[in-house]
Amino acid sequence: LDMEFTGLHSTSLQNNEPSLFDSPAERYVKARQSVQRFTLAQLGMAIFSKENSNKYVVHSYNFFLFPSTLGIRDVEFTLSASSIQFLSHYGFDYNKFLKDGIPYMNEVQEKILRQHLLAGTWKVCSTSNADKDVMKKAIDEVTSWLAAAKEEDTMILQDLNGYHMLEVQLVLRKALENVWTEPLGDKKVMVKKVSPEHRQLLENSSCDHCRKKFILLCARGFTNLFQILVKAKKPLVGHNMLMDLMHLHDKFYRPLPESYEEFKRNIHNLFPVIIDTKTVTKYMQRKCLFPRISSLLEAYTVLCSSNLNPKDPPCPVIALASDCSRYAEKKFPHEAGYDAFLCGSVLLMSAHLLLCRSTDDAVEADPSFSQYLTVLAEHVNKVNFIRGGVSSINFSGEDAPCRHPPALVVHVRGWPGLTERQIYQEFQAHCRFDVRRLSKNQFILLSNKYKQLVLRDYRHHPHLQVSVYRHWRHSPSVNCLLQISGIVALWSLLAFALGGARSC
């Protein structure tokens with residue numbers, strides 16, 4: 001899977017940026033707030049099926065998604081200017097997202113809609129002038145036609161998008177007793193003049209697309225496919241997929257829980273086998289002389305190169321199905337269906353490379369997928385953790401203890417009121433540091449790239465003294481404990497001295 005969002009990290013929330021100081025639980029709290037504000041714009045799914053001895057056929061799909069407007073409450077979401085600009089640069093079709101996006105809802109939203117369907121109080125959230133114009137145009141066309149029409153005559157309403165297909169039918173049926181409607185697909189609705197008796201028979205038909213169960217099916221939209229994926233229990237593959245998993249949970253399953261551990265349990269129950277290709281390629285950089293890469297497309301390009309690709313046995317053949325052939329002819333980075341295809345391809349090629357290097361014995365010419373899963377076992381359910389205290393999140397067990405890179409401590413003199421933001425701006429020219437206040441006049445700096453130059457350049461600074469952080473020396477809790485211990489020791493010494501003086 002791969003997804004494109006209307007935003008990643010909300011800048012309107014204070015201290016919401018990812019930081020090297022974050023534990024997985026702290027990062028989850030930050031990301032949860034962002035996921036609740038943004039939505040999915042596109043979901044890509046690539047299905048890899050082993051066709052014969054050493055060949056996988058890929059069917060890749062793009063789903064434009066838009067929150068369901070069927071129900072009593074309207075859905076609000078935020079757009080990030082940088083994310084919109086980024087996707088626009090890569091040719092994202094926002095008209096398709098807004099006009100033709102497939103609806104979806106989670107279990108809580110579905111429960112509310114079910115209750116309103118049973119009570120007969122549900123409605124479509126269409127209140128704009130544009131929606132009203134669509135309805136008025138359709139009603140005018142039908143009433144004008146109906147005056148001269150005979151029974152069994154039909155007409156076609158054109159250019160109806162999304163929920164208009166359903167709402168137009170419901171309004172016409174309610175207003176006119178002698179008409180019947182049926183969706184034809186391709187944004188068209190057929191209107192037929194019928195007798196009241198015939199109308200009653202049609203209303204009781206199990207094939208009526210405006211019955212409550214069909215309304216619910218329509219409102220659930222992509223959620224129907226999500227539930228099929230959950231039942232299938234197939235390995236789910238992504239790249240840097242923490243945000244993808246959070247959106248899957250929030251948009252199609254249930255609103256994200258406050259508890260980080262509950263979120264992990266829920267995801268593991270939904271998808272027992274998760275593989276993050278970012279985690280796999282990071283491992284290969286350490287173990288297989290794999291070059292450092294910064295994107296999924298780079299990883300795919302490197303794995304396709306003759307330098308890494310094993311000759312014996314050869315890598316599995318990955319063939320795109322005929323309806324996805326354009327992905328074989330041209331690159332479409334950040335189109336979700338294309339990135340999903342890259343994800344699965346990187347996984348297969350990485351697994352094959354690791355299998356060939358895991359043993360001195362000859363690898364059979366047609367390795368099974370279960371053999372690939374075995375060689376990937378240590379990476380299963382380990383999702384990459386960007387800039388934090390651990391390298392990955394473990395969805396099938398406890399996370400590893402946080403291990404931060406070496407830290408620097410900045411002691412401030414003669415510069416009152418200095419903030420974390422000012423410290424960040426002061427040091428950003430040297431390296432990308434994350435900053436946290438340690439005490440009134442001290443700040444900690446963390447970076448993945450430890451810079452000795454900082455220690456040298458600030459050796460004689462008039463206001464800032466920089467040194468390597470030592471817990472026993474700089475920690476406020478340790479200092480507090482030492483101060484208390486010193487006071488206790490002083491009182492003990494004083495009591496001993498006074499006691500000894502009286503005895504004399």
Working only within the range 288-311, note down all residues that are within 17 Å of L355 (Cα to Cα) and either touching a Phe, Trp or Tyr at 6+ places or on another chain (Cβ under 7 Å) or in contact (Cβ under 8 Å) with a residue 40 or more places away in the chain (or both).
C288, L303, C304, L308, N309, P310
Any residue at all in the range 287-301 that is within 30 Å of A219 (Cα to Cα) and either surrounded by 18 or more Cβ atoms within 10 Å (Cβ to Cβ) or touching a strand residue (DSSP E or B) at 6+ places or on another chain (Cβ under 7 Å) (or both)?
no
Going through the range 151-197 in order, the residues found to be touching a residue at least 24 places away in the same chain (Cβ under 8 Å), in a helix (DSSP H, G or I) and open to solvent by 40 Å² or more (accessible area, probe 1.4 Å) are L170, V171, A175
Selection within the range 319-332 - outside any helix (DSSP H, G or I) and open to solvent by less than 40 Å² (accessible area, probe 1.4 Å):
A319, L320, A321
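Does G7 satisfy being in a loop (DSSP other than H, G, I, E, B), of a type outside the set (S, T, Y) and surrounded by 14 or more Cβ atoms within 10 Å (Cβ to Cβ)? Before the answer, list the steps.
Working: in a loop (DSSP other than H, G, I, E, B): yes; of a type outside the set (S, T, Y): yes; surrounded by 14 or more Cβ atoms within 10 Å (Cβ to Cβ): yes.
Yes; evaluated as a whole, the condition is true for this residue.
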Looking at the range 57-75, is at least one residue open to solvent by less than 60 Å² (accessible area, probe 1.4 Å) and part of a helix (DSSP H, G or I)?
no
Would you mind stating whether V383 is among the hydrophobic types (A, V, I, L, M, F, W, C), in contact with a helix residue (DSSP H, G or I) (Cβ under 6 Å, 6 or more places away or on another chain), assigned by the TED database to the domain that holds Y327 and assigned to a loop (DSSP other than H, G, I, E, B)?
no
Among the candidates S392, S368, S396, single out the residue that is open to solvent by 20 Å² or more (accessible area, probe 1.4 Å), small (G, A, S), in contact (Cβ under 8 Å) with a residue 40 or more places away in the chain and more than 19 Å from T281 (Cα to Cα).
S396
Which of the residues that make up the range 21-44 are of a type in the set (A, V, I, L, M) and surrounded by fewer than 20 Cβ atoms within 10 Å (Cβ to Cβ)?
A25, V29
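Listed here are the residues, each with its yes/no results for (1) in contact with a Ser or Thr (Cβ under 8 Å, 6 or more places away or on another chain); (2) assigned to a loop (DSSP other than H, G, I, E, B); (3) among the hydroxyl-bearing types (S, T, Y); (4) at positive phi.
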| site | (1), (2), (3), (4) |
| --- | --- |
| K234 | no, yes, no, no |
| M246 | no, no, no, no |
| E258 | no, yes, no, no |
| N266 | no, no, no, no |
| T281 | yes, no, yes, no |
| R292 | no, yes, no, no |
| E298 | no, no, no, no |
| P310 | no, yes, no, no |
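The values are calculated or read from the model by the stated rules, or taken from the named source; none is laboratory data. Everything quoted here is computed from the prediction, not taken from an experiment. Glycine also receives a Cβ, built like all others from the backbone with ideal geometry; neighbour counts cover every protein chain displayed. With ligands, DNA and RNA removed, areas are computed over all heavy atoms of the protein, side chains included. Shrake-Rupley method; radii C 1.70, N 1.55, O 1.52, S 1.80 Å.
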